[in-house]
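So the structure is just underneath, and the comments pick up after that.
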Amino acid sequence: MIIQQLSKTFRVILRRKTISGIIVLSLIVGFTTVFLLTGFIIDEYAIDGFHKNKNRIVRLQSDDPWVEGQKMNHITFAAPEYIKNNFPEVEDYCQWNKHNYDQIVADNNTYYQDLDLFETNPGFFNLFSYQFIEGSPVNSLSDNNVILSKHTAQKFFSDKKALGNQLIIKARGGDRIYTVSGVVTQPGKSHIHFDLLTSINGKELRGTDAYLLLKENTDQRKLEEKLNLQTSSIPFFWEGKTVNLYLNDLKSINITPEVKSKIRISMAIAAIVLFIAFFNYINLFFNLIMDRRKELGMIRIIGGTNITLVKKLGVEFSTLIFIALIISVIAVKSLLPLFNQLNGSDLSFNSFFHPQLLIIIFMIVCGVVILSLFSTNIFINNFLQTPIPITSGVVIGKNKKLSIINAVQYSVSIALIICTITLYRQVNYIHNKPIGLDRDVIEFRLPAPFGDKKLAFKNSLLNNSSIEKVSVCSASPVREASMVSWKYDDNGEKKEYTTLLFQGDEDYLNTLHIELIEGKETNSNTTGQSNKCYINETMLKLLQLKDPIGMIVPGSEMEIAGIVKDFHWKGLESLVPPAIVAVNKEGRNLLVKIRDGQYDDGIQVIKSVWKELIADYPFEYYTIGGLFNDKHRKYEILVKFISFFCSISIILSSMGLFALSLFSIQRKVKEIGIRKVNGANVLEILGMINSRLLRWIIVGFLIACPVAGYLMHHWLGRFAYKTSLSWWIFALAGVLALGIALLTVSWQSWKAATRNPVEALRYE
């Protein structure tokens, strides 16, 4: 019986292959999009969910004592222990600090700086739930012991047992031998990631990340208030600074404002795509029913009830939904790598078997089925209450409510086009805006054991014609900068200000093409630490100095040698801060300017000198432009993400429009024939067919413009330096939407307009 019913259903579906195919394809796109985005959202909320004490773990934060309005995770080493001993609400604590190294030697193999080595204390395993494959948490973090992740253990020792083996960690403080005391695995995703874990050494640490384990039923906010009432007694390494402490739970750590924004965008896109897909499905399915009004009318004549019709139609749309669902699952697995690339995520197919996601998927599918049944019942009551005559001219496409939904559909697509264009323009603006630095300059760092070879490295490079300039500096001007607070006495008034501090040798400005607008460059004979410096324009405005050349920077011993043009460091979200460039040859970072047109040759020269002087250490380099763009990578991902789903929404809308225009033209065949017999030309016929389309696109455009304008104005507001929200963006979006819509229906419209009127009048 079931097979017979399904056979009849498939015959009905195949009889109208084009429309049925569009319905199924709309559902596939809708389901796939919603499943992917919902999977991403749930996966984000699941981070650190495997920890047994996840609801009791908090991370300590404090106000940044040097930057107003900002918070920092680094806490004085002694602070968490003091808090544990003096606040009964705290059960345990752990500290967490990254340990820099040069080499790791394990099982006669050498590994360089591509592994994450962290230091912590025994309380770590009381807070966080890592599973021990080898060893146990008891005494595993004592001195000279090291814990490996499962992946690292396999990397070091292959299939051999790692427990009890030794490895050597070579760092700036000397070589140290460690014994593997445990191998752990991470049951799920976490904001904490490590390859190797050793015992923390407090004597060498100025500050660490710190986590607290609160006792059961502790009120987090009340404890935070209590801590801030006693901050004066809690040891901090910044003297004379008043700061507040903050307790951040794991959810707050993982669901950052940036992640929240991404989740909101994902939810909005999922809702939009699902709306368009479901509207297409309902609208097209009901139009399909209207084309079958004779068949359904006959069922009513021979005694069929509303329940009979609902069952018949319910089997048909349930079959379409089931087909779409199966194909959607396959599509999700196939498109997952592309989705991860677009979204900057690492979602796996196994994540979709999360109970919460399965429940949501089940609810979405059930919701579509229930809404379909409900809508079908309403449709039958409105249109099939009495047997419909064969000659009936009822056309659902003229329903005002559906026309309004069409307008909303167009407005969503137009708004997404406006947003995509604006996002793309801002990213392009970021890539092309002059930042006051030469984007093509190469930056790399010498390993600690070879820091004394920096001058030999510099001189060797300058002996090659493909190298234009070389500078030794303490850090990349884009990747790192020191924040320094200066205090001074201004005629008896105590003053304090904060600046960025960059340090490089006498070739620093020339290599980076930092423009010197006043003063002169320092002598190249300067050795080691110099008292000369340069200040940027913002610093000059801050200090309000007249004739600053030769003056001492207030609060320091540095003499101002010149004024440099402002250059960007952090990115374009914030204004250029006051900055000092100190002349200093100390450091082991090198900046290299390769001559124009000789980039490949220059890189080979650098590699050959590296091989000669640095032995077998791997060579890694960056460009200033690349490092700067990395600060805005999230916006590039956002553009790709929204562009992709904007395309999907447009495709969905176009599919629905194509199918609806097909229905509309079929119903107007005789009207078109009569008009042509009465002298109407092709353009008049095309105008008649497409006038409704044009009207609703205009309505959609008028809705989309203020909405998209508000959203993009708000988004651009996060940038101190940004592109303009020009009127032509809105005009272009409207023209594109109109063009896409006309192209979608043009072929069918042209065929109908140029059809022989005799054939049209004979059409049934």
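Yes/no per residue for (1) of a type in the set (Val, Ile, Thr); (2) more than 30 Å from residue 432 (Cβ to Cβ); (3) modelled with pLDDT of 85 or more:
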site	(1), (2), (3)
683	no, yes, no
686	no, yes, no
720	no, no, yes
724	no, no, yes
735	yes, no, yes
740	yes, no, no
746	no, yes, no
749	no, yes, no
758	yes, yes, no
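Tell me, please, whether a residue that is part of a loop (DSSP other than H, G, I, E, B) and modelled with pLDDT of 85 or more can be found in the stretch 452-464. Checking the stretch 452-464: at least one residue is part of a loop (DSSP other than H, G, I, E, B) and modelled with pLDDT of 85 or more.
Among the numbered conditions (1) in contact (Cβ under 8 Å) with a residue 24 or more places away in the chain; (2) surrounded by fewer than 20 Cβ atoms within 10 Å (Cβ to Cβ); (3) not in a helix (DSSP H, G or I), the only one that residue 226 does not meet is (3).
Residue-by-condition table, conditions (1) assigned by TED's automatic domain parsing to the domain that holds residue 577; (2) touching a residue at least 60 places away in the same chain (Cβ under 8 Å); (3) acidic (Asp, Glu); (4) within 23 Å of residue 598 (Cβ to Cβ):
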{"residue": "438", "(1), (2), (3), (4)": "no, yes, yes, yes"}
{"residue": "459", "(1), (2), (3), (4)": "yes, no, no, yes"}
{"residue": "462", "(1), (2), (3), (4)": "yes, no, no, yes"}
{"residue": "469", "(1), (2), (3), (4)": "yes, yes, no, yes"}
{"residue": "474", "(1), (2), (3), (4)": "yes, yes, no, no"}
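Residues that are in contact with a strand residue (DSSP E or B) (Cβ under 7 Å, 6 or more places away or on another chain), of a type in the set (Asp, Glu) and either not in a strand (DSSP E or B) or not assigned by TED's automatic domain parsing to the domain that holds residue 604 (or both): does the stretch 481-498 have at least one? Within the stretch 481-498, not a single residue is in contact with a strand residue (DSSP E or B) (Cβ under 7 Å, 6 or more places away or on another chain), of a type in the set (Asp, Glu) and either not in a strand (DSSP E or B) or not assigned by TED's automatic domain parsing to the domain that holds residue 604 (or both).
The set of residues in the stretch 107-131 being in a strand (DSSP E or B) and either hydroxyl-bearing (Ser, Thr, Tyr) or surrounded by fewer than 16 Cβ atoms within 10 Å (Cβ to Cβ) (or both) consists of 109, 110, 111, 120, 131.
Residue-by-condition table, conditions (1) of a type in the set (A, V, I, L, M, F, W, C); (2) surrounded by 15 or more Cβ atoms within 10 Å (Cβ to Cβ); (3) in the same structural domain as residue 268 (by TED's automatic domain parsing):
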| residue | (1), (2), (3) |
| --- | --- |
| 591 | yes, yes, no |
| 595 | no, no, no |
| 609 | yes, yes, no |
| 639 | yes, yes, yes |
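Here residue 593 clears all of (1) part of a strand (DSSP E or B); (2) at positive phi except the condition numbered (2).
The values are calculated or read from the model by the stated rules, or taken from the named source; none is laboratory data. Every value quoted in this text rests on a predicted model; they were computed, and no experiment measured them. Don't worry about glycine lacking a Cβ; one is built from the backbone with ideal geometry, like all the others, and counts go over all protein chains shown.
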